[in-house]
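The values are calculated or read from the model by the stated rules, or taken from the named source; none is laboratory data. This structure is a prediction, so every number in the text was calculated from the model and none was measured. No Cβ is skipped: glycine too gets one built from the backbone with ideal geometry, and neighbour counts run over all protein chains shown. These accessible areas exclude ligands, DNA and RNA; they are computed on the full protein's heavy atoms, side chains included. Shrake-Rupley method; radii C 1.70, N 1.55, O 1.52, S 1.80 Å.
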Amino acid sequence: MRRFYRVGWAAVLVAALGGCSFQAALDKMVSPERQKELVAIGERFCTDPASMTSQLHPEIASSAADAVPMLPRECPDGKATWQLASYNWKTNVTPGLKERQEEVVVVGTGKGKWTTVSLRFYAQNDAPMQITEWNVLGSATKPPALEFIEQYETGAKALRIGGPIALLAVGGLIFWLVRRRRAKRAA
């Protein structure tokens with residue numbers, strides 16, 4: 001019975017991983033409203049970086065204004081497609097201190113150019129989240145964050161196909177072993 005229980009959990013795990021796209025996993029971690037907000041913030045670093053100073057931590061508030069002349073060469077020209085490519089969060093609660101941190105990667109694609117906007121948000125004791133670090137990097141090649149998404153989707157597709165096949169094979173092997181053992185006992 002214990003083995004069946006373990007195989008049952010393995011089946012549930014394979015089914016869960018195989019049926020979960022990257023976007024579905026992201027939706028479980030981050031609300032769609034927060035995702036739209038994060039993508040809009042990332043996009044604004046390229047389209048209007050000076051407007052971001054209110055969301056930056058006071059120690060780095062002037063960095064966006066200083067970077068305005070350099071950002072056009074890093075950002076896609078014209079209309080770009082933006083998406084949330086990575087999201088991490090941490091919460092640390094100790095007596096008298098609650099810290100929240102989010103690390104976000106937003107990727108913009110347009111006219112053969114990719115732009116990766118990396119952001120780190122931080123807040124203490126229910127204060128509003130402020131951006132404590134940011135980076136905008138343009139590239140002519142696909143960023144690693146998008147390659148990860150493609151690999152994740154490929155792996156999930158393989159699990160959706162290979163998972164049930166592997167479970168059927170294991171089930172068939174168990175069935176064959178049980179019948180074989182019963183046949184040996186009967187003989």
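Figures for the structure shown
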quantity	calculated
Compactness of the range 53-187 as Cα Rg over 2.2 N^0.38 Å, two decimals	1.78
Solvent-accessible area of Trp114 with every protein chain in place, 1.4 Å probe, in Å² to the nearest 10	50 Å²
Surface accessible to a 1.4 Å probe, per residue, for the residues of the chain, Å²	66 Å²
Val178-Ala158 FRET efficiency (beta carbon distance; Förster radius 25 Å; 0.05 resolution)	0.25
Heavy-atom accessible area ranking, 1.4 Å probe, most first, across Leu38, Leu177, Leu137	Leu137, Leu177, Leu38
With DNA, RNA and ligands ignored, accessible area of Thr47 (1.4 Å probe; Å², nearest 10)	100 Å²
Computed lengthening from Lys28 to Ala40, 0.36 nm per intervening residue step minus Cα-Cα distance	2.4 nm
The range 68-177: trypsin sites (Lys or Arg not before Pro) falling in loop per DSSP and having at most 15 other Cβ within 10 Å	Lys79, Lys111
Reach of Lys36 by Cα under 24 Å, taken over lysines that are not fewer than 8 positions away in the same chain	Lys28, Lys79, Lys90, Lys111, Lys113, Lys142
Asp27, Asp66, ranked by accessible area, largest first (probe 1.4 Å)	Asp66, Asp27
Of all accessible heavy-atom area on the range 15-163, the percent that carbon and sulfur account for (1.4 Å)	56 percent
Net charge over other residues, Cβ less than 15 angstrom from the Cβ of Phe121 (K, R count +1; D, E count -1)	-1
Accessible area, probe 1.4 Å, largest first, for residues Ile165, Ile131, Ile174	Ile165, Ile174, Ile131
The range 54-101 - Rg and Dmax from Cα coordinates, angstrom	16.5, 49
Around Leu38: net Lys/Arg minus Asp/Glu count, Cβ-Cβ under 15 Å	-2
